[in-house]
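Chemist: Before I ask anything, here is the structure I am working with.
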Amino acid sequence: MKLSMSRIVAWMVLLGLSQLLVSASGASPRATLKGFEVTAGLPPSPWSDPEADPTMALNSDGTFGMDQGGLDATFDDSLWAMPPDPGTDLSLSPGDGVETTPLTPGNPLSTASTLGVPDAASAGALLLPTPSSAGIIPALILVPINGNPIPPRGSITLSISPTNATFKTGTAFHFSSAITNNFNGITDVQWSVNGVVDGDSTNGLIHFGNYNAPNNLPPINPIRITVASIQDPTVTATAWVKLTNPPVVPPAGSITISISPTNASFLPGTAFHFDSAITNSFNGITDVQWSVNGVVEGDSTNGLIHFGNYNAPDSIPPTNPIRITVASIQDPKVVATAWVTLTNLPPPPPVTMTLTPTSSTLKLGSSVQYSRVLNNTANWGLTWTVNGIPGGNASVGTVVSNLYTAPLVMPSPQVVTLVATSQADPTVSVTATVNLQFPFPTLTASAPNPITFGKHNVLLTGTGLVPQTVVRDYLGTALPTTWLSPTQLVVTVDLPPTLTRFTSFQAANPNPYLTLSPWFNVPTTSDGTNMSFLAAGRLLEQATWGPDATNTHTLQKFGFGSWWSQQVALPPSTYFHDTNYPYDLTAIQNQFASNALMGSDQLRQRVAFALSGFIVVSGIKEGTGDKFAPYYNILSKDALGSYKTLLTDIALCPSMAMYLDMADNDKADPIAGTVANENFARELLQLFSVGPVVLNSDGTIRTDSKGIQIPLYGPEVIPQMAKVFTGWTYSGTPDPVTGHSPKNFDGVMQAVEDNHDTTAKTILGGVALPAGQTARQDLDATINALVNHPNCAPFVAFRLIQHLVTGNPTPAYVQRVATVFNQTKGDLSAVVLAILTDAEARQGDNPLYVPSTNAGHLREPLLFTLASIRAIGAPPPPGWLVSRWTANMGQKLFYPASVFGYYSPYYRTGAGLIAPEFQTLSQPGALYRLNFVNSLINTGMNGYALVSYNNYIPLSYDPAACTQAIANQFFYGRMPSNIAAIIQATVAGGPSIAASIHNALYLALTSNYYQILK
Amino acid sequence: MNTISRRALLQLGLGTLGYFSTSGRLGRIGQLAAQATTTAPDYKALVCVFLAGGNDANNLIVPLQTLLQTYSAYSAVRGTGFGVDANQLLPIVTRNGDQYGLHPQLSALAPLYNQGDLAIVANVGTLFQPSTAAQVIAGSVLVPLNLYSHSDQQSQWQSAQTRTPSASGWGGRVADLLQSINSAATIPAGISLAGNNLFLNGNTTISGQMGTQLLTVDGMDSSFRDAGQQKLLSLSSGLSLVQSANLTSSQAISFNTAVSAALSNSTGFTTVFPNTILGNQLFQVAQLIQGRAALGVNRQIFYVNMGGFDLHSFQTSNETVNFLQLGQALAAFYSAMVELGTNNNVVAFTESEFGRTLQPNTTGGTDHAWGSHHLVLGGPVKAADIYGTFPRLLLRGPDDSNGRGAWVPTTSLDQYGATLASWFGVPDASLNTVFPNLPKFSVRNLGFV
């Protein structure tokens, strides 16, 4: 254990060292403070050379001994204490006192408590209290109890003045003291020098404060002067004396000095440092003084020097070389000399630097590499600052290896300043400015992908995105945008349904000029799950005038059943004579095209048109709106109703009555030699209901044993049935003589029984109509017989399937539909539903289904033109213009060449396949199909059906996506890869963006893969 | 032969596929080729003028005074209000002295008859075998299927097949046989001015088609596009209909290209063609014949079509227009052939699906019937005459099949067509191929050309 000796000394002083020594050396040595290793320290001297710490140890005989003499300092006892080990056995004599106190900083002894005084009887061991839990070691103070009374602390005060003095050896000096004694008034004091009462010759003598310093410096200097109270020697005051000697000449050689270098040559005006080295064994003073040519610190002529730093004059002085001297201040005769020769040698060439570029324009996040050339130095190293920041930082950009990399976010200002400083010559630097610009943005990913129609937030990933980035759609509309990071932002989109099923984004960064990202195209999709895109598209090809974005999405979302119910319930489109077009069917054509392109009752209109394919009235004969409209209104009204109703309405329709000459068809006139007109009767059988040959229930033509078709009726039947349809005239008031009314297309035909042939008739299938029936009775019975004839169901089923689904239905398909016809007594809505929902119609909905070689049917010109206009989303062109095109393609709207319609249900291709619509496809017609598409795409049908292809412009930069969009728009996503490859190459290879788009769309729409519905 | 345009066609990838045979009948082709090499191929053209709807030839040519009957036989049935007045008919005389009258609106044709360039073939129709009315009524002969049906009888007239469906027409089959004579041609032998028809469908050849004006394939910046389209048209889709449509498109482009090139220098005609449907078609035929050298053709068969003959009512007024248009167009065509110097190389002839009942109906028209009279026009006509046997205009008479004056044909379509085909160059040995029913008739050549 190390004890501060200061505390032991204080303890001994407190007790009185002699007393302790006496006690401990008594007859029975009781102090057994063995095992202590104590060190002692003195309080700091006011002088800079404190005495060394003396040490004190407990002697083996129990006495304390100091290993160093001269323990003569006085101490402030209030600071001292001794903290021995807890549990130390202090064997004390009776009367010895022990005072302990926890020793904590600042706790003076005056607060100490007396633990107790062992009496003689109980002399013995006194155990020190154990330390407190806080680990504070108690101090032990021994206090004399049986000695003279000790004045209470503070009752005697003592001071000395001055407390410090310096004077020469041999000097007399007076110290004054002041003492007060409140204890007993005794104010006697005793003076000591270095602890020796009244001093001695070595350290000087003192008497009544008059001090006589010795003539020579004592070994210990300063000297301690102490004054102590006689009454209480522990009350002292101390002063210090520093003695000085008069100067003396240092002995030769006791001081040495040198200078370095001793010779130098340099240019005028140069600053140059000389080193000096000095030793002083005489008195240690090593101060030196510098001179130039003997002038201390030099002058302007020969240069100035200070602390060895020589500044040569700007020109060579008259005296050259120049002498530089350095001398000891202690002994100015001790000098070292150096010579400077100033020369006018050319200065070494300065370091110069060029830096490239010093001005540049840089996108955020990109870099510029600086190149530099340094002359007159091999060290090309540079240190850089960016806007004053060494090396730059993330906000202003950084420089590494002379490569400046701009920050990712625009700092303010947008111009940053770079300073490159030569490491070889830090005075050489070049400033470069960088004009920062927003980066070129890119967009590379989207979440979600695909994006469903409707309003969504879309996370776009890209590069070069900044808070100022604006994201636009293909129309250039800025989308609400939230910037997240240089690589991510969120836009809010509101996507309407489309057929292309793509949307496009472009990021735009602002000034100094707009920078646009490449277009980023993202697939879109319906959120409907009731039907696939493919299935919805196919169904709309079969049941409407072609898929459009809205119906496709609706079908996907709500399913076929919902769509069907809605369609069946819609009121029929109607057709009306427009006196603005009195001479032809322009108005009816316009109404038709408007209904087909824009009308809601798509299913009904498609079926009505299919019926018009074999229940024909032609504008060649019924060529004005008043004559034609009644006919087409009946098809529209009855398209999803009873077939019998349809035929009855048709039979009594003035349009048909005029077209096939039933109007005013009177019974035979023997006098005139005329008989009933056969026209309506023949075509009603052959074309509207049963056909000329016997059919099997699956629609196939029955043949005899030689493979020859079997006539359904002989030539004798037609005149019989011609008689049925006699006695009908137009509505209005019939002429009383002829029974004929003027032509009138406003109402239905009326019977004039006088003109009706009332003889008995044997009609189709041997059905006998008795004599005497009215015109209406005969008509109803005949139509009833036709609709109930076994041929009728397969006849109608076959034709409707051909028009809606496929030219070559399997017999089983026809049979299934014919069965529904029979079961529902010719309910056309049930028949059409059976056609559309049949497995044979729906098998192509499976994307993996491979159509059979014979599958499908050609889009007839009207379906081709109207469906392509719908798919492309063009505004509706007028019907007359549509018809002008389709006429050239072989199908003039409402003007079939004859009652046989636009084409025969049994027309065959050159390959021998039944393909009714191919009858319209002549070679010129094929060219007109090409030219129609060209007109639609390139001129919007001369402006009548202008379409913006802005949505394709972004896609045109990505031929694969563009091709997929085209496949979506026209093929509901299904386009064979070999076709797609050609279209994709066309997108990629077009001479212009517009040409690429137009040409690709042209190829898609003119491709026979589009022309053939599958 | 225009070698440049031919090469261009080949480069387009269209080549000669379709109208230059690659299969079958090598024997006959060789036969014809041998014929062609021994004599320099001359030029011949047939022009089929189809009168759609069933022409009422009873009013086209009316007996005035013949060995068997007079005008009264006609007027007794047709009546005074419906039939053509005798004094309006344009009288002509047959070689045996019979007097007939042409419909007054055929005044443009009467001079051609009188100069020996127009023949009339009486009561031609579809037959399965030689038949009389009595046999037909008795059911003792097989008759063509679906008599009186427009569609069926049109097909039978064009195909010369009367009881089984046929994929080819007799014009097309003639073209099949004459390919070697046309080996230098840049276009098919058969050309329709009226769209698709069965008549020109060959078993191995496909006819060309054009409208009444030349077409261009429109487009801007379209060369790259059109190259892409050629690739699309050459794809194999696995779908028969797509391939058929591709073939039509390819044919259309190649044919239009060749014809446009050949006709680009057409000098036109002094003859003014009537601006009617038939007139415009025949004008185009005349232009194609004018361009025959550039097109490299030695044999051509044309098909033109005129509708509006199905007159169940208001026949008189409509027929007047029809015959006027028919006569003017045919006369103009003949005049143009004279201009070209090809009037002795070109024969135009009429077809129509059936005649019409002699007996009118109560609505001022006539109904579907059977045999009918036809016109043959051109320098090759041997003599102005009525060929074949004119029917007795008598209801329930020896030629009436149904009591209303629907004549059982006394000359079959096969005989009529075989006579034309024979003139055209089809060897007699090949005629049965073209006209399978021909062997049933003893007279194989009616001798009108």
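The values are calculated or read from the model by the stated rules, or taken from the named source; none is laboratory data. No experiment lies behind these values; they were computed from the predicted model shown. Positions of Cβ are backbone-derived with ideal geometry, glycine not excepted, and every protein chain shown enters the neighbour counts.
Chemist: Return yes when residue A:724 is over 60 Å from the mean Cα position of the chain (by Cα) and either within 11 Å of another protein chain (Cβ to nearest Cβ) or buried (at least 16 other Cβ atoms within 10 Å of the Cβ) (or both) and no when it is not.
Modeler: In short, yes.
Chemist: Can you tell me which condition residue A:973 does not meet? The list is (1) in a loop (DSSP other than H, G, I, E, B); (2) facing chain B (nearest Cβ under 8 Å), and all the others hold.
Modeler: Answer for residue A:973: the failing condition is (2).
Chemist: Somewhere in segment A:434-444, is a residue farther than 26 Å from residue A:460 by Cα and not acidic (Asp, Glu)?
Modeler: Checked segment A:434-444: at least one residue is farther than 26 Å from residue A:460 by Cα and not acidic (Asp, Glu).
Chemist: Also, quick follow-up: Going through segment B:408-429 one residue at a time, which ones are polar (S, T, N, Q) and either crowded, with 22+ Cβ neighbours inside 10 Å or outside any helix (DSSP H, G or I) (or both)?
Modeler: Passing the criteria: B:410, B:411, B:412, B:415, B:419.
Chemist: Give me a count of the residues in segment A:664-690 that are part of a loop (DSSP other than H, G, I, E, B) and crowded, with 24+ Cβ neighbours inside 10 Å.
Modeler: 7
Chemist: Further, regarding this structure: Could you name every one of the strands (runs of 3 or more DSSP E) located completely within segment A:374-433 that has at least 3 residues being over 16 Å from residue A:363 (Cα atoms)?
Modeler: Passing ranges, in order: A:382-386, A:415-422.
Chemist: Suppose the filter is facing chain B (nearest Cβ under 7 Å), touching a residue at least 24 places away in the same chain (Cβ under 8 Å) and within 57 Å of the chain's Cα centre (by Cα); does residue A:934 pass it?
Modeler: yes
Chemist: While we're looking at this one, here's another question. Can you tell me which of A:286, A:319, A:361 is under 30 Å from residue A:440 (Cα atoms) and either assigned to a loop (DSSP other than H, G, I, E, B) or assigned by TED's automatic domain parsing to the domain that holds residue A:407 (or both)?
Modeler: Being under 30 Å from residue A:440 (Cα atoms) and either assigned to a loop (DSSP other than H, G, I, E, B) or assigned by TED's automatic domain parsing to the domain that holds residue A:407 (or both) holds for just one of A:286, A:319, A:361, which is A:361.
Chemist: Right, something else. Restricting to segment A:443-468, count the residues that are within 16 Å of the chain's Cα centre (by Cα), at pLDDT 95 or above and not small (Gly, Ala, Ser).
Modeler: 9
Chemist: How many residues are part of a loop (DSSP other than H, G, I, E, B), farther than 13 Å from residue A:1002 by Cβ and of a type in the set (Ser, Thr, Tyr) if we restrict to segment A:937-969?
Modeler: The total comes to 3.
Chemist: Also, I was wondering about something else. Select, from A:865, A:886, A:837, the only residue that is among the polar types (S, T, N, Q) and within 14 Å of chain B (Cβ to nearest Cβ).
Modeler: That would be A:886, the only listed residue that is among the polar types (S, T, N, Q) and within 14 Å of chain B (Cβ to nearest Cβ).
Chemist: Next up: Scan (1) touching an Asp or Glu at 6+ places or on another chain (Cβ under 9 Å); (2) over 25 Å from residue A:890 (Cβ atoms); (3) more than 9 Å from every other protein chain (Cβ to nearest Cβ) for the single condition residue A:671 breaks and write down its number.
Modeler: (1)
Chemist: Still on this model: Could you check segment B:399-449 and list, in sequence order, the residues that are touching a residue at least 40 places away in the same chain (Cβ under 8 Å), more than 21 Å from residue B:142 (Cβ to Cβ) and aliphatic (A, V, I, L, M)?
Modeler: B:420, B:421, B:426, B:429, B:446, B:449
Chemist: I would also like to ask the following. Residues A:904, A:898: which one is free of Cβ contacts under 8 Å to residues at least 60 places away in the same chain, within 14 Å of chain B (Cβ to nearest Cβ) and closer than 22 Å to residue B:307 by Cα?
Modeler: A:904
Chemist: Against the condition more than 10 Å from every other protein chain (Cβ to nearest Cβ) and touching a His at 6+ places or on another chain (Cβ under 9 Å), how does residue B:153 come out, does it pass?
Modeler: So residue B:153 passes the test.
Chemist: Let me ask you something else. Would you say residue B:108 is at pLDDT 95 or above, within 24 Å of residue B:330 (Cβ to Cβ) and assigned to a loop (DSSP other than H, G, I, E, B)?
Modeler: So residue B:108 passes the test.
Chemist: Please give the strands (runs of 3 or more DSSP E) falling wholly within segment A:210-279 in which 3 or more residues are touching a residue at least 12 places away in the same chain (Cβ under 8 Å) and of a type in the set (Ser, Thr, Tyr).
Modeler: A:236-244, A:255-260
Chemist: Would you pick out the residues in segment A:747-768 that are more than 21 Å from residue A:719 (Cβ to Cβ) and either without any contact (Cβ under 8 Å) to a residue 40 or more places away in the chain or of a type in the set (Val, Ile, Thr) (or both)?
Modeler: Hits for segment A:747-768 are A:748, A:750.
Chemist: Quickly run through segment B:211-221 and pick out the residues that are touching a His at 6+ places or on another chain (Cβ under 9 Å) and either surrounded by 20 or more Cβ atoms within 10 Å (Cβ to Cβ) or more than 8 Å from chain A (Cβ to nearest Cβ) (or both).
Modeler: Once the filter is applied, which keeps residues that are touching a His at 6+ places or on another chain (Cβ under 9 Å) and either surrounded by 20 or more Cβ atoms within 10 Å (Cβ to Cβ) or more than 8 Å from chain A (Cβ to nearest Cβ) (or both), segment B:211-221 yields only B:219.
Chemist: Given the residues A:1012, A:937, which is the only one that is β-branched (Val, Ile, Thr), closer than 22 Å to residue A:863 by Cβ and touching a His at 6+ places or on another chain (Cβ under 6 Å)?
Modeler: A:937
Chemist: Next question. Mind listing just one residue for me: the one in segment B:225-252 that is in contact with a Ser or Thr (Cβ under 9 Å, 6 or more places away or on another chain) and surrounded by fewer than 18 Cβ atoms within 10 Å (Cβ to Cβ) and, of those, nearest to the other protein chains (Cβ to nearest Cβ)?
Modeler: Checking each candidate, the answer is B:238.
Chemist: For the list (1) crowded, with 24+ Cβ neighbours inside 10 Å; (2) closer than 25 Å to residue B:289 by Cα, I need the number of the one condition that residue B:383 fails.
Modeler: Status for residue B:383: all satisfied but (1).
Chemist: Only one of these conditions is not met by residue A:927: (1) aliphatic (A, V, I, L, M); (2) part of a loop (DSSP other than H, G, I, E, B); (3) within 7 Å of another protein chain (Cβ to nearest Cβ); (4) under 21 Å from residue A:1001 (Cα atoms). Which number is it?
Modeler: (2)
Chemist: Would you be able to say whether some residue in segment B:261-273 is under 27 Å from residue B:51 (Cβ atoms), within 25 Å of the chain's Cα centre (by Cα) and within 10 Å of chain A (Cβ to nearest Cβ)?
Modeler: No, every residue in segment B:261-273 fails to be under 27 Å from residue B:51 (Cβ atoms), within 25 Å of the chain's Cα centre (by Cα) and within 10 Å of chain A (Cβ to nearest Cβ).
Chemist: Could you say which residue among A:988, A:1004, A:967 is within 25 Å of residue A:474 (Cα to Cα), touching a helix residue (DSSP H, G or I) at 6+ places or on another chain (Cβ under 6 Å), more than 7 Å from every other protein chain (Cβ to nearest Cβ) and surrounded by fewer than 24 Cβ atoms within 10 Å (Cβ to Cβ)?
Modeler: Criteria check complete, one pass: A:988.
Chemist: Sticking with this structure for a sec: Looking only at segment B:134-165, count every residue that is buried (at least 21 other Cβ atoms within 10 Å of the Cβ) and either touching a Pro at 6+ places or on another chain (Cβ under 6 Å) or part of a loop (DSSP other than H, G, I, E, B) (or both) and tell me the total.
Modeler: 11
Chemist: If the requirement is being over 30 Å from residue B:206 (Cα atoms) and at pLDDT 95 or above, which of these qualifies: A:991, A:916, A:959?
Modeler: Every option except A:959 fails the conditions.
Chemist: Kindly list, by first and then second residue, each pair from a residue in segment B:353-366 that is at the interface with chain A (Cβ under 9 Å from one of its Cβ atoms) to a residue that is among the aliphatic types (A, V, I, L, M) and in a strand (DSSP E or B), limited to pairs with Cβ atoms under 8 Å and residues at least 6 apart or on different chains.
Modeler: B:359/A:675; B:361/A:675; B:362/A:675
Chemist: Just name the residue that is farthest from residue B:295 (Cα to Cα) out of those in segment B:192-210 that are modelled with pLDDT of 95 or more and more than 10 Å from chain A (Cβ to nearest Cβ).
Modeler: The qualifying residue farthest from residue B:295 (Cα to Cα) is B:199.
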